[in-house]
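Colleague: My questions all concern the structure below.
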Amino acid sequence: MGIKTFLASLMMLITIVAMCSPLYLVWLGLTMSGSALVRIGLIVVGLILCRLFKPISNLFDKDFKWF
């Protein structure tokens, strides 16, 4: 495996993580058991990241206003 293939694979993994992490944070905040402040914080951070990265708009190739 060459260095170009390695870097391309690494960039692909970073892109997948950047697209999935906001949705995971919202899901984790809704389903985990623990402190209410931590859960609210996870949901808020996840929604802010969803607003920045727009993972659902990128997946469906349609410009949704919030996601």
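The values are calculated or read from the model by the stated rules, or taken from the named source; none is laboratory data. None of the values given here were measured: they were computed from a predicted structure. Only protein heavy atoms, including side chains, enter the accessible area calculation; ligands, DNA and RNA are left aside. Shrake-Rupley method; radii C 1.70, N 1.55, O 1.52, S 1.80 Å.
Colleague: Can you give me the angle between helix 3-31 and the longest principal axis of the chain, using Cα atoms only, in degrees from 0 to 90, rounded to the nearest 10?
Modeller: So the inclination is approximately 10 degrees.
Colleague: For region 13-62, with every protein chain kept in place, what is the accessible area per residue (1.4 Å probe, Å²)?
Modeller: Result: 71 Å² per residue.
Colleague: Using 0.36 nm times the number of residues separating Lys62 and Lys4, minus their current alpha carbon distance, what extension gain do you get?
Modeller: Between Lys62 and Lys4, full extension yields an extra 17.8 nm.
Colleague: Sticking with this one: Kindly report, to the nearest 10 Å², the accessible surface of Ile14 as traced by a 1.4 Å probe over protein heavy atoms only.
Modeller: Probe radius 1.4 Å; accessible area of Ile14 about 90 Å².
Colleague: Can I ask one more? Heavy atoms only, probe 1.4 Å: what % of the accessible area of the chain goes to carbon and sulfur, would you let me know?
Modeller: Exposed carbon and sulfur together represent 76 percent of the surface.
Colleague: Turning to a different aspect of this structure: For a test of the definition: using alpha carbon positions, the gyration tensor, and the 1.5 limit on a/c, classify the chain as rounded, prolate or oblate. List each step's numbers first, then the result.
Modeller: Working: a/c = 3.60, a/b = 1.65, b/c = 2.18.
Cα axes put the chain in the oblate bin.
Colleague: Cut-off 10 angstrom, C-alpha nodes, Gaussian network model of the chain. Which of Leu37, Leu49, Leu23 fluctuates the most?
Modeller: Leu37
Colleague: Taking the Cα atoms only, what angle lies between the long axis of helix 36-53 and the longest principal axis of the chain, rounded to 10 degrees?
Modeller: 40
Colleague: Multiplying the sequence separation of Arg39 and Val17 by 0.36 nm and subtracting their Cα-Cα distance, what value in nm do you get?
Modeller: Roughly 5.9 nm would be gained on extension.
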